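Notes follow once the structure below has been shown.
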Amino acid sequence: MDTPAFLRPICFVLGILAILAGGLGMAASFLYLASSRMADITAGTSGFVAGSILIASGLLSLTMLATRPARAESKEPYYSEIG
């Protein structure tokens, strides 16, 4: 699915913010992983998993933006219709 040209910068910024939030969340979860209490370790692992999901989704969205053309930029479709 192609995105309109005006949505590409918004999606780019949101992808970057997702990567930054995931990285900061993973860094903050290391504080809890160093604890000796099991409840803190569980909280740290949950934050680490959530941060990795945010980083992966941000990278996926940026990859899709980089590899697919915008609808307003190209006139012809990049797929062939069978018919």
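Just so you know, all these numbers are worked out from the coordinates, no wet-lab data involved. Note that the coordinates shown come from a computational prediction; the quantities given were computed from them, not determined experimentally. Here Cβ is always computed from backbone atoms with ideal geometry, including for glycine, and neighbour counts include all displayed protein chains.
Quick notes on this structure:
- If R0 is 22 Å, the Cβ-Cβ spacing of THR45 and ALA21 corresponds to a FRET efficiency of close to 0.80.
- Look at ILE10, ILE19 and count the other Cβ atoms within 10 Å of each Cβ; fewest to most, that gives ILE10, ILE19.
- Of MET64, MET26, the sequence from fewest to most neighbouring Cβ atoms within 10 angstrom is MET64, MET26.
- Estimated FRET transfer efficiency (LEU14, SER35; beta-carbon r; R0 22 Å; 0.05): 0.10
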